[in-house]
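I have placed the structure first, in the form of structure tokens, so that the comments after it can refer back to it.
The values are calculated or read from the model by the stated rules, or taken from the named source; none is laboratory data. Computed from a predicted model, the values in this text were never measured in an experiment. Here the Cβ positions follow ideal geometry from the backbone for every residue, glycine too, while neighbour counts run over all protein chains shown.
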Amino acid sequence: MTKKKIASLLLSSVLMISLFAAGSSETKNTISVMGNGSVIVDSDIAHIRVSVLTTDADASLSAQKNADLMTRVQDALIKIGLTKADFATSNYSIYENKPYNSKDGSYGPPEYRTSNNLSVTVKDVSKTGLVIDTALKAGANQLSSLSFSSSKIAEAYDEARIQAIKDAQKKAEVLAREAGRKLGKAIIIEESHSYAEPIAYTGVMMLKAERADTPIVAEDSTATYAVRVVFELK
């Protein structure tokens, strides 16, 4: 082996040892903590999914009945102040069903069920009950989901982020003090997770037109944020 190669290998070894030592020193002189923030805001938007379900021995008649009822539902929603931009079809299906007779185990003649689901956004939560009742009286016969959210959720996230950073720093300061060290600057900040918690009610409810007015009270939405912060230790 030539002297030049030996010198090169020695230099590489010294460099690796230096890097390892630097990494070890950095690990010994840092502290990693989790910080959490949570902000509650008023829910001011309601999300409703109503459906029209029709049945007929003829598939085309089942579909036509459904179309007529859904048109009535949409027209009724527009009359109380909603616009076409506030609702959209979320699912549509036609399928064959054969009624089962549990007494003799036989099946009746086929019937065709048409289901049309309409997702409705209500930007004034005080009108949530009115929207449900209006859709019901116009021909909707299913309510499959109801949830609430907030138009101020972005601002709530910003506040939750600030809370999370402050929470992480407070925890790190306590740990550093108890260890006889001083807290330095933050060198790594990683988002752990963030999510909103709108209040949601799901499941299919069969509705009848003679029901009383529906009282709906929106609950709050929560923006939650978590971070991992690595601080230097002095």
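Of all residues in the stretch 113-129, those that are modelled with pLDDT under 95 and hydrophobic (A, V, I, L, M, F, W, C) total 1.
The set of residues in the stretch 39-73 that are surrounded by fewer than 19 Cβ atoms within 10 Å (Cβ to Cβ) and of a type in the set (S, T, N, Q) comprises THR55, SER60, GLN64, THR71. In the stretch 86-93, the condition of being among the hydroxyl-bearing types (Ser, Thr, Tyr), touching a helix residue (DSSP H, G or I) at 6+ places or on another chain (Cβ under 6 Å) and either outside the structural domain of ILE162 (by TED's automatic domain parsing) or free of Cβ contacts under 8 Å to residues at least 12 places away in the same chain (or both) is met by no residue. Picking from LYS137, LYS123, which residue would you name as being closer than 12 Å to ALA46 by Cβ, in contact (Cβ under 8 Å) with a residue 40 or more places away in the chain and surrounded by 11 or more Cβ atoms within 10 Å (Cβ to Cβ)? That would be LYS123, the only listed residue that is closer than 12 Å to ALA46 by Cβ, in contact (Cβ under 8 Å) with a residue 40 or more places away in the chain and surrounded by 11 or more Cβ atoms within 10 Å (Cβ to Cβ). Within the stretch 80-101, being over 14 Å from VAL122 (Cα atoms), exposed (fewer than 11 other Cβ atoms within 10 Å of the Cβ) and out of contact with any Phe, Trp or Tyr (no Cβ under 8 Å at 6 or more places or on another chain) holds for one residue alone: SER93.
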